[in-house]
């Protein structure tokens, strides 16, 4: 690969960010020149001491003082709004890994693409909510998106077997989460700890809850539509509890190409950072003599109605995916804070989408306005549910 590729990691202290650092340390292919996090000063200081980046960004300006004195000599600190997105503006940065959680990652996505750089995208909400704005930025010469989500990374690899015009359908696999096969009465007693006990993947709390409701899969459907330019009705979801087949592409001649590996997020992270070259480290390698079962089943759209809501938002288009994403963030926060039951997450999102107001998303300010209005409506719904309880 020649000279080491210069990488910036936005959201470095979270699950994806820390695994990305594992990938970097396992090879001499990459150099981390910039790190950014929201507020985790302890972990960010440890990462800076380990990697000695030239730049560290902290979104929470109130914590800048406690971080500044712990950084290595020669490392610049930026803090406050826009600090993390500014990592992409550094001339030497070639690849930005966007592992910021939720809608807050939008400015990192747009800034990276507008700079004509590679975006290793682990923040699906920014692409979904701001799709029209992100797609315009994506047309900047040199800009490209490599998807870190294991499902979309799998699709990216499968598409090398044929042209986009030859795609019959994309099939996204879902583990089914911790509540696969359960129904209403069982789910009425779900606790936060239950929802955070994902059977396969280790992720942050927001994404883990999304996986339990299948909203994460719904967001991935919307992301696939934007990433690969496939109509939403050519995208399907199938439950695959083993999480070995990460997704599939069926071509017009009936051939289906799948990407298989044991669940290990370091594989898609390394693929996106190193593309078009593959890393030598065999993350997720399968022992075929021990693999006894690959099972598939239809999702339960009635019980996991978040998945249905996502398909509906994709068909509406415009600002609808932004509303869906924002309403879900409010609902999940309410669940994690103990203000909602697990089953009420879908209720809040569904009721909020019932109050949806279409708008055209031309500028990033339009996306922010749609997001803000959706959050306002979702907060109203959440309060109404609290009064009714």
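Throughout, read-outs are computed from the coordinates displayed, never taken from laboratory work. Since we're looking at a predicted model, the values are computed, not measured. Every residue, glycine as well, gets a Cβ built from its backbone with ideal geometry; the counts of neighbours run over all protein chains shown.
So here's what we get for this one:
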| quantity | calculated |
| --- | --- |
| Estimated FRET transfer efficiency (residue 192, residue 256; beta-carbon r; R0 41 Å; 0.05) | 0.60 |
| Per-residue [θ]222 nm for the chain (sum of -39500 (n - 2.57) over DSSP H runs n ≥ 4, rounded to 500) | -12500 deg cm²/dmol |
| Rg ratio (alpha-carbon, reference 2.2 N^0.38 Å) - region 301-366 | 1.15 |
| Ranked by how many other beta carbons lie within 10 Å on average, peptides 259-266, 64-71 from highest | 259-266, 64-71 |
| Equivalent-ellipsoid semi-axes of region 268-379, from the Cα gyration tensor, Å, largest first | 34, 22, 15 |
| Share, in percent, of DSSP beta bridges within the chain that are antiparallel, nearest 5 | 25 |
| Prolate/oblate/rounded label for region 152-220 (Cα gyration tensor, a/c 1.5) | prolate |
| FRET efficiency, residue 43 to residue 233 (Cβ-Cβ, R0 35 Å, nearest 0.05) | 0.25 |
| Dmax and Rg, reported as Rg then Dmax, of region 5-148 (C-alpha, Å) | 14.0, 41 |
| Part-to-part distance (alpha-carbon centres) for region 19-96 and region 297-317, which is given in Å | 38 |
| Shape category assigned to region 175-326 from the gyration tensor of Cα positions, a/c cut at 1.5 | oblate |
| Extension reserve of the residue 290-residue 165 stretch, reckoned as 0.36 nm per residue once the Cα distance is removed | 41.3 nm |
| Full-extension gain in nm, residue 183 to residue 280, via 0.36 nm per residue minus C-alpha separation | 30.5 nm |
| The chain - Rg and Dmax from Cα coordinates, angstrom | 20.3, 63 |
| Gain in span if fully extended, residue 363 to residue 73, counting 0.36 nm per residue against the direct Cα distance | 100.5 nm |
| Cα centroid of region 127-170 to Cα centroid of region 327-347, whole Å | 30 |
| Label-to-label distance, nm, for residues given as residue 144 and residue 27 (7 Å Cα→Cβ offset) | 1.4 |
| Cα coordinate range in region 239-296, projected on the principal axes (Å, largest first) | 32, 30, 20 |
